[in-house]
Amino acid sequence: MSFAELEAALIVTRPLMGTQAIVSTRNGSTKDDQHDEEKRAPLRAKVVGIGRAFGGALIFSLPMLMTMELWWLGFMLDRFRLAMLVVVTLPLLVGLARRIGFEDTWDWQEDVRDACVAFAIGLLTATVVLSVFKVIGPGMSFDEVIGKIVLQAIPASIGALLGRSQLGNEGGEADKENAETASSTTPMRDYCGEMFLMAVGALFLSLNVAPTDEMQMIAQMMTPTHAVLLLALSLLVMHGFVYAVGFKGSALPTNDEPWISDFVRFTLVGYMLAILISLFVLWSFGRLDGEAFLPTVMTTIVLAFPAALGAAAARLIL
Amino acid sequence: MREKSERATGAEKQAEQVEWAIGIVSAIVIIAIVGFLVHRGATATGGAPNLSVTTERAADFGETGQLLFSVRNDGTRAAANVIVSAAFDDGSGEMQRRSVHLDHISAGSTKTGGLYLPQDTVEFEVFVEGYADP
């Protein structure tokens, strides 16, 4: 049987229904079915995207949902600082939605919408998990319950947006799209994008460990010499992660650019971001209240170590 | 076409200059941090914590009074498990004692806390009982 005969056999013409002819296609579905499917496809993609967002929120925020210092901060934290954390997080979510959100977006309004959805998913995830853990419940003040939920919603909402890129299976297509759109961006925008991702990585990892007493304890056990060594180690690991040890996604050193160029333009700036974000997170959590300058610097350097790792990892993963 | 590529090269050069400028500023800040740490390491390490307690204010809460205090560490080392106590006379003629425990106080830092004392306290004295090395 020739291909033409096979095709003819597969296409079955049905009786006319009124004036509309319904023609079955090769896979047996009708035009109406196709139309329905086309209508359902975006809805299905949305549901899948939201499902992944919940998955991401849970996976990325579970360590924090199970950390008692973070529960305590929910009611001890100064409300102004908590509000500041939320205010800083929201534009970050918009930026994340732009780059790796849980669905493709075309304009900033959609990014803002997705950021709000991610935050709502973060709130819902935190509410459900904290309720099941009995960390929140009847008998607690409204202020305490809200504080605990909002604080946990911050990492959970970042996790919700990371859900798509890390749990989705369309990485290849997305990468292709990114590669296609990359040609339309400017070098400055690329650089800012890279710094933005580093900031997200640094914030995420520092949120994981900043609430714990260990940050200050480590800083108190260390001498300034240890702090200098930790700073050097942070820079070394940060640069090595991206340029030297050849992880998936790492940048290969090029012959035309000396190593110092990448080190100054990316690693040092990335570490500076890690320092600033660590300082902000420690201040938000009240970890620097009453502290002198030296302990402040030491604790910041301690937290900047995981933050720097987070920043380097974000460059590779996101 | 040539003009377009020249424009692209110009944008790249400009971006690189900005990147270098931000990188150099970051390097200066990091070097300043290292310099500060080296200076402090050379001049202000070793020694012991030097803890002093100050009564900030006493407030009444029904049948109890709250004594708010601050503890300052003027030493060059952090102190952990700092115990702050108040010895007081509640009018019975015998000195009573109540204590509170502070997790840690870094060198040069101040921590605050409170102690509940009976309303009929005649006189009291607040002091640091001791500490442990972190």
Helices (runs of 4 or more DSSP H) wholly inside segment A:182-276 containing at least 1 residues that are at pLDDT 90 or above | A:187-209, A:214-221, A:224-239
Subset of segment A:95-121 [within 26 Å of A:Phe285 (Cβ to Cβ) and surrounded by 22 or more Cβ atoms within 10 Å (Cβ to Cβ)] = A:Leu96, A:Ala97, A:Ala115, A:Ala118, A:Phe119, A:Ile121
Any idea which of (1) of a type in the set (Asp, Glu); (2) crowded, with 16+ Cβ neighbours inside 10 Å; (3) within 17 Å of the chain's Cα centre (by Cα) is the one B:Asp74 doesn't satisfy?
-> (2)
Mind listing just one residue for me: the one in segment A:122-139 that is modelled with pLDDT of 90 or more and farther than 17 Å from A:Pro155 by Cβ and, of those, surrounded by the most Cβ atoms within 10 Å (Cβ to Cβ)?
-> A:Ser131
Unmet criterion (only one of (1) of a type in the set (A, V, I, L, M, F, W, C); (2) within 18 Å of A:Asp289 (Cα to Cα); (3) without any contact (Cβ under 8 Å) to a residue 12 or more places away in the chain) for B:Ile105 = (3)
Residue check: is A:Val87 assigned to a helix (DSSP H, G or I) and buried (at least 16 other Cβ atoms within 10 Å of the Cβ)?
-> no
Mind listing just one residue for me: the one in segment A:202-225 that is free of Cβ contacts under 8 Å to residues at least 12 places away in the same chain and facing another protein chain (nearest Cβ under 9 Å) and, of those, surrounded by the most Cβ atoms within 10 Å (Cβ to Cβ)?
-> A:Met217
Qualifying positions in segment A:267-293 - closer than 20 Å to B:Asp103 by Cβ and either at the interface with chain B (Cβ under 9 Å from one of its Cβ atoms) or charged (D, E, K, R) (or both) | A:Arg287, A:Asp289, A:Gly290, A:Glu291, A:Ala292
The one condition B:Ala107 fails out of (1) at pLDDT 90 or above; (2) surrounded by 19 or more Cβ atoms within 10 Å (Cβ to Cβ); (3) within 14 Å of chain A (Cβ to nearest Cβ) is (1)
Read through the list (1) within 12 Å of chain B (Cβ to nearest Cβ); (2) out of contact with any Ser or Thr (no Cβ under 9 Å at 6 or more places or on another chain); (3) closer than 23 Å to A:Leu77 by Cβ; (4) small (Gly, Ala, Ser), then give the number of the only condition that A:Ala199 fails.
-> (1)
Hey, A:Thr296 of a type in the set (Ser, Thr, Tyr), within 13 Å of chain B (Cβ to nearest Cβ), surrounded by fewer than 22 Cβ atoms within 10 Å (Cβ to Cβ) and part of a helix (DSSP H, G or I) or not = yes
Exactly one of B:Val25, B:Val53, B:Val38 is within 7 Å of another protein chain (Cβ to nearest Cβ) and either farther than 30 Å from B:Ser70 by Cβ or touching a residue at least 60 places away in the same chain (Cβ under 8 Å) (or both), and that one is B:Val38
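The values are calculated or read from the model by the stated rules, or taken from the named source; none is laboratory data. Remember, it's a predicted structure, so these values are computed and weren't measured experimentally. Every residue, glycine as well, gets a Cβ built from its backbone with ideal geometry; the counts of neighbours run over all protein chains shown.
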